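**Q** I have a structure here, written as C-alpha cells, and I will follow up with some questions on it.
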Amino acid sequence: MYTLVDAKARDNELEGKFNTPTWQEIKDLSVGEWVKLIFETDDERFEAERMWVKVTNIGFVFEGILDNEPAILTHMKPGDPITFTGKHIIDIHKGLTQ
C-alpha cells in the first residue's frame, strides 16, 4: 500500500528543496498534463517513490492514471487510477497534452 505525501508540507519542512508548483499553476492544470506525486510506502526498506500521473479529470479532487513503471511499489502498474488533491503535487510537466 501507499499514502500520498503532502508535497507542500514536505517542501516547507525541507525549506523549498522541491520547488513545488504554486496554487495558481495547480489551478491552471489541464486534462492530459502530467503531475509528479510522492507515494510513501509502508515497506521498511524504502521511504517513498516519486512517479508521474497523467491527469484525466479535474474537480474538487483530481483523477489520473499512473504513467510510470514503479520500481518500489511493484503491486502498482502503469494505467492504475490515482485520486489526489493539489497539495500532493510536487511537480508539473507542462509539455504537450495527449
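All of the numbers you see were taken from the coordinates with simple rules; none came from a lab. Quantities reported herein were computed from a predicted structural model and do not represent experimental measurements. Don't worry about glycine lacking a Cβ; one is built from the backbone with ideal geometry, like all the others, and counts go over all protein chains shown.
**Q** Can you spot the aspartates and glutamates whose alpha carbon is less than 18 Å from LYS54's alpha carbon? Ignore those fewer than 8 places along the same chain.
**A** Straight-line reach from LYS54, under 18 Å: GLU25, ASP28, GLU33, GLU63, ASP67, GLU69, ASP80, ASP91.
**Q** In the range 13-82, what trypsin sites (Lys or Arg not before Pro) fall in a loop by DSSP, with at most 16 other Cβ atoms inside 10 Å?
**A** Counting only loop positions with at most 16 other Cβ atoms within 10 Å, the trypsin sites (Lys or Arg not before Pro) in the range 13-82 are LYS17, ARG45.
**Q** Any chance you could get the radius of gyration and Dmax over the Cα atoms of the range 2-93, in Å?
**A** Final numbers for Rg and Dmax: 12.6, 37 Å.
**Q** Of GLY59, THR20, MET76, whose Cα points farthest to the positive end of the dipole of the range 2-93 (charges on the beta-carbon: +1 Lys, Arg; -1 Asp, Glu; origin at the Cα centre)?
**A** GLY59
**Q** Sticking with this structure for a sec: What number, in percent, do you get for the relative contact order of the chain if the mean sequence gap of Cα pairs under 8 Å and at least 6 apart is divided by its residue count?
**A** Relative contact order for the chain comes out at 33 percent.
**Q** Here's a follow-up. Suppose the chain between ASP28 and VAL61 were pulled fully straight at 0.36 nm per residue; how much longer would it get relative to their current alpha carbon spacing?
**A** Stretched fully, the ASP28-VAL61 segment lengthens by 10.5 nm.
**Q** Please identify which residues in the range 31-45 have an amide N closer than 15 Å to a label point set 7 Å out from the Cα of ASP80, following the Cα→Cβ vector.
**A** The answer is 37-43.
**Q** Taking the Cα centre as origin and putting +1 on Lys and Arg beta-carbons and -1 on Asp and Glu beta-carbons, what dipole magnitude results for the chain, to the nearest 20 debye?
**A** 300 debye
**Q** Provide VAL31, VAL53, VAL5 in ascending order of the number of other Cβ atoms located within 10 Å of each residue's Cβ, fewest first.
**A** VAL31, VAL5, VAL53
**Q** So which GluC sites (Glu not before Pro) in the range 1-93 pass both tests, a DSSP loop state and at most 12 other Cβ atoms within 10 Å of the Cβ?
**A** GLU15, GLU44, GLU47
**Q** If I model a spin label as a point 7 Å beyond the Cα along the Cα-Cβ vector, how far apart are those points for THR41 and LYS87 in nm?
**A** Result for the modelled spin labels: 2.5 nm.
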